[in-house]
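Below is one structure, written out as structure tokens; the observations come after it.
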Amino acid sequence: MSATPPASRSREPLLLDVEGMKCGGCVRAVEQRLLQTEGVRQASVNLLTRTAWVDLEPRVEGPDGTAADPLPALLGSLEGLGFQARLRPQEPEPASQRERRQAEQWWRHWRQLLVALLLLLVSGLGHLADAGLLAWRGPWPLLGSPWFHALVATLALAFPGRPILVRGVRSALAGVPGMDTLVGLGVASAYLSSLVGWLWPASGWPCYFNEPVMLLGFVLTGRFLEERARYRTGRAIEELGALQPDHALLLLGDGPPRQVRVGGLRPGDRLRLLPGDRVPVDGVVLEGCSRVDASSLTGEPLPQSVEPGSELAAGLLNLESSLVLEVRRRGADSAIARIVRLVERAQARKAPIQGLADRVAGRFTLVVLLLALATLVFWWLWGCRHWPEVLTMAAAAGHGSHGHGGGGAGTPFSLGLQLAIAVLVVACPCALGLATPTAITVGSGLAARSGLLFRGGDAIETASRLEAVLFDKTGTLTIGRPLVTAVRVLGAAPGSPVEAAEAARLVQLAASLEQHSRHPLAHAVLQEAQCRGLPLLSVSEAQTLPGDGVQGLVEGAGLVRVGRLDWLARQGVMAEPAATALQQDLEAGGATLLAVAADGRLLGLLAVEDRPRADAAATVSRLRRLGLRLGLLSGDRRASVEGLGRRLGLRPEELAWELRPEEKLERLLLAHRQGAVAMVGDGINDAPALAAADLGIAVGTGTQIAQESAALVVMGEGLDGIVRALAIARRTMAKVRQNLAWAFGYNLIVLPIAAGVLLPGFGLSLSPELAALLMAFSSITVVGNALLLQDPPPDAAP
């Protein structure tokens with residue numbers, strides 16, 4: 001007897017918060033450690049948001065139905081590298097708790113800034129005292145005392161500098177040296193050399209206690225400014241999360257409403273929503289009529305009318321009247337919560353262009369360490385002998401002792417050590433690590449505020465290089481709410497009582513079968529049955545055939561089929577000449593036909609028409625002006641597709657009709673040969689085409705954001721978001737390229753200068769303090785450039 005194979009089930013990707021990452025080398029180390037963990041399929045780490053997105057292999061269940069949890073192994077492996085990680089909670093963080101956490105973080109950052117400014121002040125006064133620019137009276141003689149500066153430097157390293165030194169040593173011992181390793185080594189080298197030069201003057205070592213103090217001051221100031229910029233880049237998620245209130249008014253029987261926390265609500269609870277309140281959870285209106293503002297969620301500028309039966313997503317703003325809602329989904333499962341999680345995961349997934357920067361950053365720290373060592377050895381043992389004048393120029397430029405009991409400034413070792421420290425400090429792997437995620441984070445947040453949800457940096461990069469955009473018809477270019485405009489019964493005299501009864505029977509059979517379909521045409525048939533007051537019959541063995549129709553056993557009618565006329569013909573249902581003529585007549589007006597057959601006999605035809613979206617023609621025109629190739633792929637009949645194409649300005653060669661799902665895929669592959677292709681659909685019936693395209697774009701409401709087949713979801717009822725999404729994507733990638741050019745260019749230019757390349761010929765070099773200032777400026781520049789990314793105006797071309 002053979003053993004039952006273990007069952008496998010797909011698992012949701014994990015989003016981890018990872019603390020302690022400071023540069024691209026840390027990102028590379030975390031990614032590699034995650035990928036080495038058993039059960040991990042993909043991993044992507046964002047330095048800016050300090051998050052890791054982990055895609056897991058399908059879960060393999062044992063005979064007892066249990067499976068190993070990979071989370072402890074993931075957290076343990078990162079802790080072994082010195083990085084503290086935790087799983088991002090699914091429940092939305094209450095606004096009060098979020099504000100308290102932010103206040104604590106900012107107090108810690110401001111305290112760090114005050115310490116940094118104090119260090120810079122003491123160090124600056126020490127430089128002025130050395131230069132003789134301060135009168136020696138009052139407290140100033142203290143500034144000229146070597147032991148005072150030694151004490152200040154010791155306290156600076158022991159307290160504000162201690163976290164940097166500890167993280168630097170820990171990452172070096174783990175084999176992944178990073179930014180803290182470089183800064184820590186530079187600060188410690190300057191301090192130790194000053195200590196030796198002060199206590200043992202005959203050694204000839206330089207003594208400059210002011211240098212490590214000022215270096216720490218610049219580093220801490222730069223990190224404060226960088227944190228401020230990081231916070232600004234992540235404000236989009238904070239603003240989205242703020243749309244969901246902390247509390248709601250719960251109705252209990254006939255008593256007054258009670259204020260409760262949103263996290264405690266469950267499906268079935270009844271809520272009171274007052275004018276001016278935001279919808280706390282996804283729900284359906286039970287009582288009352290009002291208008292709601294959805295602009296903050298979908299970008300729709302006009303208020304929407306709601307009445308009993310209307311579904312409301314969390315985050316909408318009630319404008320006029322009081323409503324009674326029934327909770328449909330918990331707060332953690334609401335539309336706004338899913339949007340926040342989607343944006344967080346999108347920001348964690350990096351763009352492919354970041355691959356080069358990550359590969360360089362992973363080895364960057366080791367290269368800088370070797371360059372610093374080579375700089376020290378070169379100027380100590382050879383450079384000063386070949387160019388003896390550099391010692392004089394270095395002393396004139398301010399290198400060397402500040403007179404605090406140390407050795408001479410003109411020794412080759414002191415010059416080599418100072419240049420080596422400058423190399424360690426000026427190198428900036430942070431800029432390499434931040435170049436892409438800063439722009440991706442700002443771009444995805446900017447898009448989310450406009451109701452455009454990218455699923456990752458890879459989707460943004462793909463959107464920026466599109467060559468063609470292909471559309472589905474029903475529910476995409478049209479509003480997706482078609483109406484039945486004609487019911488034609490075969491074999492009955494028009495206007496006769498028999499014809500009316502048979503027409504009602506035709507609609508009843510079609511609606512009973514279509515209740516098992518989610519196609520927009522099915523909703524039209526169901527709405528027609530509801531308007532006629534027809535009850536639905538029970539159906540068994542219902543089956544949906546994509547691109548053809550639906551079939552099943554209907555009570556009292558046997559096997560019923562509803563779908564395309566040519567599909568019924570392939571099933572053996574013969575169409576009379578009268579049916580063909582009726583088909584041509586109805587399709588000439590742009591209607592889509594549904595043929596209804598029972599027990600192998602054609603009963604009649606339903607004509608369904610769907611209006612184009614209000615902005616469909618304008619969107620097609622704007623996309624064409626961008627130089628994109630356009631196309632319409634539809635399963636409808638030729639007359640209906642050509643009629644819509646004429647109304648929207650599509651050319652005859654851009655139209656394709658009567659396509660089955662596999663034929664749509666073939667058209668996509670053909671278009672892909674000429675460049676990247678986007679497929680625009682409703683996110684429900686077009687999943688294969690959306691998944692096969694380079695960029696799948698789903699158009700729909702917030703309830704459709706979980707469609708994994710789409711890389712971009714355009715919320716709301718308009719198509720103009722597609723043009724805005726392309727504009728944001730192109731501007732975002734332009735910022736990425738600018739940031740990468742700056743990050744690479746900065747390091748390629750300043751590292752040779754710090755190593756003393758310009759010292760022999762021009763007398764130019766970098767002091768450790770200036771190197772620290774440039775390093776901080778480099779990271780801030782990358783983040784600041786990304787913050788310049790703005791939402792394009794409505795008529796702006798990408």
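Structural remarks
- Considering residues of the range 189-205 that are free of Cβ contacts under 8 Å to residues at least 24 places away in the same chain and within 24 Å of residue 169 (Cβ to Cβ) only, the residue most open to solvent (accessible area, probe 1.4 Å): 199
- If the condition is being in contact with a strand residue (DSSP E or B) (Cβ under 7 Å, 6 or more places away or on another chain), of a type in the set (Val, Ile, Thr) and closer than 22 Å to residue 444 by Cβ, then the range 37-52 contributes 45, 51.
- Residue in the range 541-557 that is of a type in the set (Gly, Ala, Ser), at pLDDT 90 or above and over 21 Å from residue 477 (Cα atoms) present: yes
- If the condition is being without any contact (Cβ under 8 Å) to a residue 24 or more places away in the chain and either of a type in the set (S, T, N, Q) or crowded, with 16+ Cβ neighbours inside 10 Å (or both), then the range 471-492 contributes only 492.
- A residue that is of a type in the set (A, V, I, L, M) and touching a strand residue (DSSP E or B) at 6+ places or on another chain (Cβ under 9 Å) occurs somewhere in the range 433-440.
- Of the strands (runs of 3 or more DSSP E) lying entirely inside the range 573-657, those containing at least 3 residues that are within 21 Å of residue 484 (Cβ to Cβ) span 592-598, 601-609.
- A single member of 20, 25, 39 is surrounded by fewer than 24 Cβ atoms within 10 Å (Cβ to Cβ), closer than 19 Å to residue 84 by Cβ and of a type in the set (Gly, Ala, Ser), and it is 20.
- When residue 504 is tested against (1) part of a helix (DSSP H, G or I); (2) within 21 Å of residue 636 (Cα to Cα); (3) open to solvent by less than 50 Å² (accessible area, probe 1.4 Å), only condition (2) is not met.
- Test: residue in the range 248-266 that is within 17 Å of residue 311 (Cβ to Cβ), open to solvent by 70 Å² or more (accessible area, probe 1.4 Å), over 28 Å from the mean Cα position of the chain (by Cα) and of a type in the set (Lys, Arg): no
- The range 330-358, subset β-branched (Val, Ile, Thr) and open to solvent by 10 Å² or more (accessible area, probe 1.4 Å), residue nearest to residue 279 (Cα to Cα): 340
- Residue within the range 568-578 that is basic (Lys, Arg) and open to solvent by less than 80 Å² (accessible area, probe 1.4 Å) present: no
- The set of residues in the range 145-202 being of a type in the set (Phe, Trp, Tyr) and assigned to a helix (DSSP H, G or I) consists of 147, 148, 191, 198.
- Residue satisfying all of: in the range 349-391; more than 22 Å from residue 21 (Cα to Cα) and in a loop (DSSP other than H, G, I, E, B); modelled with the highest pLDDT among these: 387
- If you go through the range 324-369 and keep only what is more than 20 Å from residue 743 (Cα to Cα) and without any contact (Cβ under 8 Å) to a residue 60 or more places away in the chain, you end up with 325, 326, 333.
- Flag for residue 135 being open to solvent by 10 Å² or more (accessible area, probe 1.4 Å) and modelled with pLDDT under 80: yes
- In the range 732-786, residue modelled with the lowest pLDDT [restricted to those that are open to solvent by less than 20 Å² (accessible area, probe 1.4 Å) and within 15 Å of residue 442 (Cα to Cα)]: 783
- Within the range 645-681, the residues that satisfy the criterion of being modelled with pLDDT under 90 and open to solvent by less than 10 Å² (accessible area, probe 1.4 Å) are 668, 681.
- First in the range 276-292 and without any contact (Cβ under 8 Å) to a residue 24 or more places away in the chain, second anywhere and open to solvent by less than 70 Å² (accessible area, probe 1.4 Å) and assigned to a loop (DSSP other than H, G, I, E, B), Cβ under 8 Å, 6 or more apart: none
The values are calculated or read from the model by the stated rules, or taken from the named source; none is laboratory data. It should be emphasised that the depicted structure is a prediction, and the values quoted were computed from it without experimental measurement. Here Cβ is always computed from backbone atoms with ideal geometry, including for glycine, and neighbour counts include all displayed protein chains. Heads up: the accessible areas ignore ligands, DNA and RNA and are worked out on the full protein's heavy atoms, side chains in. Shrake-Rupley method; radii C 1.70, N 1.55, O 1.52, S 1.80 Å.
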